[in-house]
1. Using the Karplus curve 6.51 cos²θ - 1.76 cosθ + 1.60 with θ = phi - 60°, work out ³J(HN,Hα) for each residue of the stretch 122-134 in order, rounded to whole Hz, and write x for Gly and Pro.
2. Just need the relative contact order of the chain here, percent rounded to a whole number, with Cα pairs under 8 Å and 6+ apart.
3. Using per-residue counts of other Cβ atoms within 10 Å, averaged over each peptide, order 143-151, 59-67, 2-10 from highest down.
4. Given labels modelled 7 Å from the Cα in the Cβ direction, how far is it in nm from Met1 to Ser19?
5. Could you name the lysines in cross-link range of Lys165, using Cα to Cα under 22 Å and dropping any fewer than eight places away on the same chain?
6. Counting each DSSP H run of 4 or more residues in the chain as -39500 (n - 2.57), what helix-only mean residue ellipticity at 222 nm follows after dividing by all residues, to the nearest 500 deg cm²/dmol?
7. Can you give the Rg and Dmax of the stretch 51-115 based on its C-alpha atoms, in angstrom?
8. For Arg154, which sequence-distant residues (separation of 5 or more, or a different chain) have an amide H within less than 5 Å of its own amide H, given hydrogens modelled in the peptide plane?
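Bear in mind that the values in this text are calculations on the coordinates, not laboratory data. Since this is a predicted model, take the numbers as computed values, not measurements. Cβ atoms come from the backbone with ideal geometry, glycine included; neighbour counts cover every protein chain shown.
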Amino acid sequence: MATVVALLRGVNVGGRKVSMAELRETIESLGHHDVRTYIQSGNVLFSAKGRVAPSSLERALEERFRMKIDVMIRSPRDLVQTAERNPFPDADTSKLHVGFLARAPRSDVVKAIDASQFLPEEFAVVGSELYLHLPNGMARTRLPDFVLRRLKIRATIRNWNTLTKLVELSNG
């Protein structure tokens, strides 16, 4: 059995309430085991016998909660690599966030994004992760929305502390 980390987008924000107990039950109903959640923002760790497609979880979640919830899947190894590939190694980690993308964007699309108007905020894309260095915090930034609109790829964002905790939980 392999450990799987499912990252749900837009859970328990803006009136999109999802009970963590019901979320665990839903994942278990698909035949997965050792289902755990971390905080209330849609981080689910579980054991699966084979490859898990995000679409299978999305369908089950839509049926259960009557709302469309995007799901990004990562392995414990993926999460470790995400932490290791941090393009902002000297940044205060309390100002770092990672957007987990549904797929890797084309490099020409990434290169065409001019985010200079947002400085000192900055972004980098490595594989299927969007790294965000937000020195002024996440609360009022417009950079993530700006970049994601240009990438045209579904994503969910986590702060660096959540990433490191998910690395610990999925590898422990």
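1. 8, 9, 8, 10, 10, x, 10, 10, 9, 8, 10, 9, 10
2. On the way: 267 pairs, mean separation 42.1, N = 172.
This gives 24 percent for the chain.
3. Details: 143-151: 16.6, 59-67: 14.3, 2-10: 20.2.
Top to bottom by mean Cβ count within 10 Å: 2-10, 143-151, 59-67.
4. 2.4
5. Once the sequence-local lysines are set aside, what remains near Lys165 is Lys95.
6. Numbers: 6 runs with 57 residues, N = 172.
Mean residue ellipticity, 222 nm, calculated: -9500 deg cm²/dmol.
7. 15.6, 44
8. Ala102
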